1. Of the residues that sit in segment 244-253 and are near ligand 2 (Cβ under 10 Å from one of its atoms) and in contact with a helix residue (DSSP H, G or I) (Cβ under 8 Å, 6 or more places away or on another chain), which one is farthest from residue 227 (Cα to Cα)?
2. For residues in segment 209-243 being surrounded by fewer than 16 Cβ atoms within 10 Å (Cβ to Cβ) and more than 16 Å from ligand 2 (Cβ to nearest atom), which is nearest to the chain's Cα centre (by Cα)?
3. Here is a check on your reading of the model: is residue 298 over 19 Å from the mean Cα position of the chain (by Cα), away from ligand 2 (no atom under 15 Å from the Cβ) and either farther than 30 Å from residue 67 by Cα or not assigned by TED's automatic domain parsing to the domain that holds residue 199 (or both)?
4. For segment 263-276, does any single residue satisfy the condition of being more than 16 Å from ligand 2 (Cβ to nearest atom), in contact (Cβ under 8 Å) with a residue 60 or more places away in the chain, buried (at least 16 other Cβ atoms within 10 Å of the Cβ) and not assigned by TED's automatic domain parsing to the domain that holds residue 101?
5. Name the pairs: first residue in segment 191-210 and not assigned by TED's automatic domain parsing to the domain that holds residue 167, second residue buried (at least 18 other Cβ atoms within 10 Å of the Cβ), Cβ to Cβ under 7 Å, at least 6 apart or on different chains?
6. Can you name every residue in segment 234-272 that is within 7 Å of ligand 1 (Cβ to nearest atom) and over 22 Å from residue 81 (Cα atoms)?
7. Quick check on segment 265-295: of everything there that is among the hydrophobic types (A, V, I, L, M, F, W, C) and within 16 Å of residue 224 (Cα to Cα), which residue is farthest from the chain's Cα centre (by Cα)?
Amino acid sequence: MCEECMSHALATVYGEEQARWYFSPHAHDHEAFLAALDKETEYGSQYEILNAVNPGKYGIEWVKKVVQGGRTAQVVTLEEAIELLRIAAETNQGEDFRCINVSCICKRTRGGDISEPVCMTSLHRLKPEDPQDKEGYRAGRRVFKTGEQETFYEFDAADSDKMRELLLDFEKRLGLVHTVFTIGFPRIITLCNCEMPYCHSMRQRFLYDIPEAFVEGYYVASVNNDRCTGCGKCQQQCNFGAIRLDRALKTVTTMLTRCMGCGICRSVCPTDAIEMVERKKVTLLPAREPVGLQKLRKESVEKGAKK
Ligand code: SF4
Ligand code: SF4
């Protein structure tokens, strides 16, 4: 089937923005999310799953099975993160849509700094009638009830200006990468803001060779070396060793096969020398697709072929 036909077939599932599955309202549907959550807890608690890549208990094959079951993370840029939050809010409009920020579960399980709530969880409506425990948890409490809760707060995901300010702060000050994280793909459970060496999804890809667990984004960083002063800030910010600095020439090179497309190098560049460009336009290597999207693509193509 040609690319055009494939796109058409996929559009029946995801609409015109099918390539960006996280922009689909399907990915933000609250009831489907809760159903996926119930299904996934068959694997064990969130805490157990995230601990599974620590040496010992479950082993890599088990983690691979969980990933294949639809637990995957994909990198998104700042702009995409803001847009998907807006879509999540729009999808659940009129339903008292709120998100909550909690401390990062990856850091909790790996002993990182959890003093700041950087994990945006429950991208779903919190029903006004949902009981709220003393920590403020409603829909999200089932997901992250994994022990002591520290700082958290609710935020209005529809407030794009506020979201930009918050996410940019995570990028610049904390060096955190934004990812959408699913259970039962394409149900988004969190907009994660995490980093090496704590993020379990990153670890699963880079330390345990499970690339489907942490998927590159649809963009890559492109540097305009006419503007570059060779300060090296972008290189220090990159979690993935994707930037090489030539101090003599005062130029940098992005290694496209390593660039995950997070854009956090851009946020620290003092001369605006970095822009994010679509991966497919600058490299012959397209972004990998999450396992769940591969499956949906196959099913949708098969359905299209039968018509
Ligand atoms: S070069 Fe590094 S920091 Fe910049 S977008 Fe790519 S992965 Fe992210
Ligand atoms: S941060 Fe900007 S100016 Fe500094 S080395 Fe990177 S691209 Fe060049």
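The values are calculated or read from the model by the stated rules, or taken from the named source; none is laboratory data. Owing to the predicted nature of the structure, the values given are computational and were not obtained by experimental measurement. Note that each Cβ is placed from the backbone with ideal geometry, even for glycine, and that neighbours are counted across all protein chains shown.
1. In this case the residue turns out to be 245.
2. 211
3. Numbers: over 19 Å from the mean Cα position of the chain (by Cα): yes; away from ligand 2 (no atom under 15 Å from the Cβ): yes; either farther than 30 Å from residue 67 by Cα or not assigned by TED's automatic domain parsing to the domain that holds residue 199 (or both): yes.
Yes.
4. Pass one, segment 263-276, residues more than 16 Å from ligand 2 (Cβ to nearest atom): none.
No, because not a single residue in segment 263-276 is more than 16 Å from ligand 2 (Cβ to nearest atom), in contact (Cβ under 8 Å) with a residue 60 or more places away in the chain, buried (at least 16 other Cβ atoms within 10 Å of the Cβ) and not assigned by TED's automatic domain parsing to the domain that holds residue 101.
5. none
6. Result: 243, 254.
7. Taking segment 265-295 and keeping what is among the hydrophobic types (A, V, I, L, M, F, W, C), we get 265, 268-269, 273-274, 276-277, 282, 284-285, 287, 291, 293.
From what's left, within 16 Å of residue 224 (Cα to Cα): 265, 268-269, 273-274, 276-277, 282.
Numbers: 265: 17, 268: 20, 269: 23, 273: 25, 274: 21, 276: 17, 277: 18, 282: 22 Å.
By that ranking, first place goes to 273.
To keep it simple, each residue is scored yes or no on (1) over 16 Å from residue 214 (Cα atoms); (2) in the same structural domain as residue 186 (by TED's automatic domain parsing); (3) modelled with pLDDT of 80 or more; (4) not in a strand (DSSP E or B).
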| position | (1), (2), (3), (4) |
| --- | --- |
| 5 | yes, no, no, yes |
| 8 | yes, no, no, yes |
| 11 | yes, no, no, yes |
| 27 | yes, yes, yes, yes |
| 33 | yes, yes, no, yes |
| 38 | yes, yes, no, yes |
| 41 | yes, yes, no, yes |
| 50 | no, yes, no, yes |
| 56 | yes, yes, no, yes |
